[in-house]
Every structure is written in C-alpha cells, then in structure tokens.
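Data first, discussion second: the structure below is written as structure tokens.
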Amino acid sequence: MSQIGKLHKVVVCRNFGPDAMSLLKGTPELDLVVWPDDLGCDRAWLMNNIPDATGVIVTLTDKVPRVLTKHIDLRAAAQRGLKVGYTPDVLTDAVADLSLMLALMASRNAGIAISIAQNGEWPNYPWAPFAFCGPQLSTTDTSPTRKVGFLGFGRIAQATLARLVPFGITHCLYTSNPTSPTNHQRDAELAEKYRLQAITKVDLDELARESDFIFVLAPGGRDTYHIVNENFLKQMKKTSVLVNASRGTLVDSDALAKALKEGWIWGAGLDVMEGEPNVTIDHPLVKEPRCVIIPHIGSATLETRKDMAMRAAQNLIEAIRGGRMPAQVDLSSYL
C-alpha cells in the first residue's frame, strides 16, 4: 500500500485530455510532471524527469529508457518488479468501424473519386455507365452470395463481422493460430445469431481463394510477418478487396503494390503500413490509385481516445495505491 501523506512522482508524457488529467490531478498521492506540448515527448526531458518516478504514462511514440525500449520489454519489466498496464478492448468498436469504412472505400474507388473532386477535375469526367464502378459489398439478387474472410478472428474481427451482417453477408471464413483448436460451438452460435450459412475455419490458401473481402486483423510478430505475400495475393479473386487494420508487417507492401498494378485483386484499404510513418509520396502503394491509405487512425475517435486515457490513468492510480490495475499485463511467464 502507498504510504499515507507520501507523494509519488508521476511522469506523464502528454496532456491526455480533461477527463484523464482531472482524475490524475485530483489524486492527492500524485506529484505530476507533465510534458507541456501536444507533440512527441522530448527524450532528453523524459530522461531528466524519469529518475525517482513511481509511475510513467507513455504513448506509442515516446522514446524511453532501456527497460521500455521495445514498448515494452516485458521481460525486463518483470525482472525489475514493475507493473505494466495497457488498454485492451477500448478500441474494438473504433477499429471495427474503420475496417468497414476501408472496405467500402476500397471497393467503391473512393480514393480515386475523392482525388478527382478535390483536384477540381470532376468536369473532365462526364458520367458513363461504368465509370468509377467497383464490386459491391452487399448482396444483390444477381449476386446472392458474399463471403468475407478474416485473417485472425478475435474481438475486433468478430465486431467487424457484426457490422457486415446487414449487408447480407452469407459466409464467414477465417484463419487463426494453427495451434489453437477450432471453436465449433462458438462458430455455430455466431452463424445462427447472424443468420449466416456458415462460419468456417480454413487454411490460408482457401481464405485467399474464396473470400470476396479479406480483413487482416491478427497480431503482429514473427509468426505473422508477411503472411499476406505474393503467393497469397495471387490466389485472391480479381474482384476481391484486402483491408489491413492491424499491423503493417503482416502485408508485404511490394507484393501488394504488384498485385494492384497487375490486377490480381481489385483494391486495398490500409490503416497500417510496413515502415510507417515513413510513407512518402513515392511509396509504391501510395502511387496505386486503388489503394486507399490512411495514417493509422484506427482508434482515433473522441470516445475511444478518452476511454484509453482514462484506463491508463486508472491503471497508474491503482498500481501506486498497491492494488491491481484494471488492465494489467501478466508478467509471471517472464520471471
């Protein structure tokens, strides 16, 4: 438990909005040291202030000492007896919303259309029967079957599926960790709930071949590095759309650019890219008109960012008071 009357120095690397900051400032045990600007925290400032701190709240881009250099080195944290909090669940709905948005934008040539309007070129594109046309996400009388595929089938993927149901989706295919057993009961219950013909776990090749829309929503890391590669993309339908709202490293950017350029697939919608944020105008995917790219804004809703900030503040306060964080990483396996 924290000692009565003792102030705990807490370094906060950004102003996290009125709700979270009011919570922190209203906690009498805390002596707050806050980076004053709404830009990336200066590393020299952080290094000068972090000694003797009981707690630190950092963001994804903050460069911090060795124990946190991998954001976060969990083994080093465990060995030093640190508590590590995180913010799960709060961004599920925001990323699912955005995944649907990207699917619609990529399939309906929104990137091209927006560019034409914003550049004042609309008068040069008179109406034509098939101008700007792309594959429809929803089913129709002439296209009564629509299969969506998920690379990864966790919380965000299932929330995305729920949003796709009103479009008349008929089949859901997914791949997951090969070592994880298939959850037949869950799949059957979800299929009945959403009135789908089937929810089926398949291998990567079948996912690529059969899906009309593929959503990449799996964790990053060594096991999923470039899992969407040239072989995967070549098996996809020419009218299919790829959406990545998870980690850029899952998709081979060069292979995707080639797939779009040569017409292996219809389009792609990307919230994340390998090497981000170093994605400039000469990037091969930026040059592809049927690739819709947005700068990693999956969690960027007012509600989600507020909830993330509040969860971070609550984690820190509970840890300093000697309790368990509302969302605490289990470090036992790293000891």
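Here are a few things to note about the model shown:
- The ranking of Trp264, Trp122 from fewest to most other beta carbons within 10 Å of each one's beta carbon is Trp122, Trp264.
- Pairwise Cα inverse-distance average, inverted: Kirkwood Rh of the stretch 140-193 (Å): 12.1 Å
- Summing +1 for each Lys or Arg and -1 for each Asp or Glu among the other residues whose beta-carbon sits under 13 angstrom from that of Gly111 gives +2.
- Fewest-first ranking of Phe150, Phe16, using other Cβ atoms within 10 Å as the exposure measure: Phe16, Phe150
- Cα centroid separation, the stretch 314-335 to the stretch 36-53 (Å): 22 Å
- Residue-span extension gain [Tyr334 to Arg43] - 0.36 nm each, minus C-alpha spacing: 102.0 nm
- Percentage relative contact order, the chain, counting C-alpha pairs under 8 Å, at least six apart: 21 percent
- Kirkwood-based shape ratio for the stretch 124-246, expressed as Rg/Rh from alpha carbons: 1.01
- Percent of beta bridges antiparallel (DSSP, the chain, rounded to nearest 5): 5 percent
- Equivalent ellipsoid semi-axes - Cα gyration tensor, the stretch 199-309, angstrom: 23, 18, 13
- Given their separation in residues at 0.36 nm each and the Cα-Cα distance between them, Asn231 and Asn183 gain 14.5 nm when the chain is fully extended.
- Pairwise centroid distance, computed over Cα atoms, of the stretch 249-305 with the stretch 166-212, Å: 25 Å
- Scalar couplings 3J(HN,Hα) for the stretch 98-106, obtained by applying the Karplus form with A = 6.51, B = -1.76, C = 1.60 to θ = phi - 60°, are 5, 4, 5, 4, 5, 4, 5, 5, 5 Hz; x denotes Gly and Pro.
- Pairwise Cα inverse-distance average, inverted: Kirkwood Rh of the stretch 9-150 (Å): 20.2 Å
- Label sites at Thr170 and Arg195, each approximated as a point 7 angstrom past Cα along Cα to Cβ, lie 1.5 nm apart.
- Applying the Karplus relation 6.51 cos²θ - 1.76 cosθ + 1.60 with θ = phi - 60° to the stretch 199-205 yields 3J(HN,Hα) values of 10, 10, 7, 10, 7, 4, 5 Hz, where x marks Gly and Pro.
Throughout, read-outs are computed from the coordinates displayed, never taken from laboratory work. Just so it is clear, the structure is predicted and the values come from calculations on it, not from any experiment. Methodologically, a virtual Cβ is constructed for each residue, glycine included, from the backbone with ideal geometry; neighbour enumeration extends over all protein chains shown.
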